[in-house]
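The values are calculated or read from the model by the stated rules, or taken from the named source; none is laboratory data. Computed from a predicted structure; not experimentally measured. Glycine also receives a Cβ, built like all others from the backbone with ideal geometry; neighbour counts cover every protein chain displayed. Each accessible area value is taken on the protein alone, full model and side chains, heavy atoms only, with ligands, DNA and RNA left out. Shrake-Rupley method; radii C 1.70, N 1.55, O 1.52, S 1.80 Å.
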Amino acid sequence: MISTIHLLNVLLPIFYFITFLIYLYDFQKEDKTLSNSKRLFLFITLCVHLLYIILRTIAFDHMPITNVFEIFTLLAFSISFSYFILELVTDIRGTGMFIIILSIAFQTVSSFFIKDLFFVREELRSNLLGTHVFSALLGYAGITISAVYGFLFLMLYNQLKQNKFGILFDRLPNLEILEKLCFYSAVIGFILLTIAIVIGVIWLPQSNLNFSYTDPKLLGTLAIWIIYGIGIFRKIYGKLRGRKLVIVSIIGFILAIGSTIISNFLAKSFHSFY
């Protein structure tokens, strides 16, 4: 099983890169023959990645959440999986390359530096902790995708403002659809982040992870949750839309990245297992 895990670890960046190339080619050429095959290949890549996660969990008797490189492979999966679901729901396929490239980056770093970890702290083997972390990562994946659509919105908005009608104008959805995709992704991220927070608040105080309500990661996550909650509330009631909405999403994403860096690398946190 270990040899299979190592093989999949090597193959995953290649699978994501091929998927990216297919989406990129379709974005440039709009080849109708690729419209369904690229989604199929993304599905195959996700299945291979899920198999890798399952085998790794079984072999090492814990979910891959104990160090930053294990978390990177979960994040790579979460981002592409979230996009796959969004593509199925909306049937908008012209933006996949902008999302999948993030999975390539995270999985490539993970594949290079991840290690076999047979011995970890006993509390890290908890399935509930794994659910908490995976929900949080899916939430951050939703936030990331929302920010990507926010950036695409601003790029297209600026092109239209300057009367430039290039490939982005021809291939990307219109501003209204990009705004909706940004908003829907943020809502998905917010819901999953809420689930992660609820599980964490209920279970983590009972664990042996030196839980503290003043933990930097917890406070940072709560701040991100509040920002997106306010943004979603204002959008629903028509007080936030268009350019202002996507800017709020991008700011939230930047704060989420900053919070992650500070809590994992600069501040002491019970979330730092490595």
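Taking each residue as 0.36 nm, the span from Leu219 to Asp61 lengthens on full extension beyond its C-alpha to C-alpha distance by 53.9 nm.
Using the Cβ-Cβ distance between Val10 and Phe233 with R0 = 35 Å, the FRET efficiency computed as 1/(1 + (r/R0)^6) comes to roughly 0.20. Between Leu21 and Met155, residue separation times 0.36 nm minus the direct Cα-Cα distance comes to 46.1 nm.
Across Leu138, Leu255, the residue with the most accessible area heads the list, and the full order at a 1.4 Å probe is Leu255, Leu138.
A straight chain from Ser3 to Ile85 at 0.36 nm per residue would run longer than the Cα-Cα distance by 26.4 nm. The phi-based Karplus calculation (6.51 cos²θ - 1.76 cosθ + 1.60; θ = phi - 60°) puts the 3J(HN,Hα) values of the stretch 194-200 at 4, 4, 4, 5, 4, 4, x Hz, whole numbers, x for Gly and Pro.
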